[in-house]
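For reference, the structure is listed below as structure tokens.
The values are calculated or read from the model by the stated rules, or taken from the named source; none is laboratory data. Quick caveat: nothing in here was measured; it's all calculated off a predicted structure. No Cβ is skipped: glycine too gets one built from the backbone with ideal geometry, and neighbour counts run over all protein chains shown. For the accessible areas, the whole protein counts, side chains as well, though only heavy atoms, and no ligand, DNA or RNA atoms are used. Shrake-Rupley method; radii C 1.70, N 1.55, O 1.52, S 1.80 Å.
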Amino acid sequence: MAANSSNTVSKPSNIIGGKQSGPSAEQVVAAFQRMRSEQRSMASKAAELEMEINEHSLVIETLKDVDPTRKCFRLVGGVLVERTVKEVLPALGSNKEQISKIVESLNTQMQTKGRELTEYREKYNIRLVGEGEEGQGKSAATSNGGGSKGGAGILVS
């Protein structure tokens, strides 16, 4: 399968603006896996922060019915600090709002990463195992040389 090889070096001959445009199949798969991993870690962090928002809401609801002069304890930077309810409630509300903004930011970043992944999949014709039955019997990653449309794609497990 040396259809896209040059006589001097066994690298792809697709050159655009003096730079090579065709990464190897391994590089494409590695970049795709890295992007998927980044998206998963963002989703994991967003879920973790959603749980923190729920915990903050629960504590705020509990403290609303308590006497404002009653003392309560708050963990700040690993140190347990004694405060009153009236001091803690505004701080909890503020923290909850900041966490909500971070979650919104993460969600927009995940959407952007999802679009990037989709574009990358289309550009390099990447198919996931079990997705579509076009690649019957293929179990290893294959590349079409320069990432051009059509031809063989890359199969990712």
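Within the stretch 90-131, being open to solvent by 30 Å² or more (accessible area, probe 1.4 Å) and aromatic (F, W, Y) holds for one residue alone: Y120. Residues that are hydrophobic (A, V, I, L, M, F, W, C) and free of Cβ contacts under 8 Å to residues at least 60 places away in the same chain within the stretch 31-58 comprise A47, L49, M51, I53, L58, listed in sequence order. Residues in the stretch 69-128 that are of a type in the set (F, W, Y) and farther than 30 Å from A25 by Cβ: F73 only. Scanning the stretch 30-53 for residues that are open to solvent by 70 Å² or more (accessible area, probe 1.4 Å) and under 14 Å from R121 (Cα atoms) yields a single hit, R34. Just give me the residues in the stretch 1-29 being open to solvent by 60 Å² or more (accessible area, probe 1.4 Å) and either at pLDDT 90 or above or hydrophobic (A, V, I, L, M, F, W, C) (or both), in sequence order. Passing the criteria: M1, A2, A3, V9, I15, I16, E26, Q27.
Every condition in (1) over 30 Å from R36 (Cα atoms); (2) in contact (Cβ under 8 Å) with a residue 12 or more places away in the chain holds for K96 except the one numbered (1).
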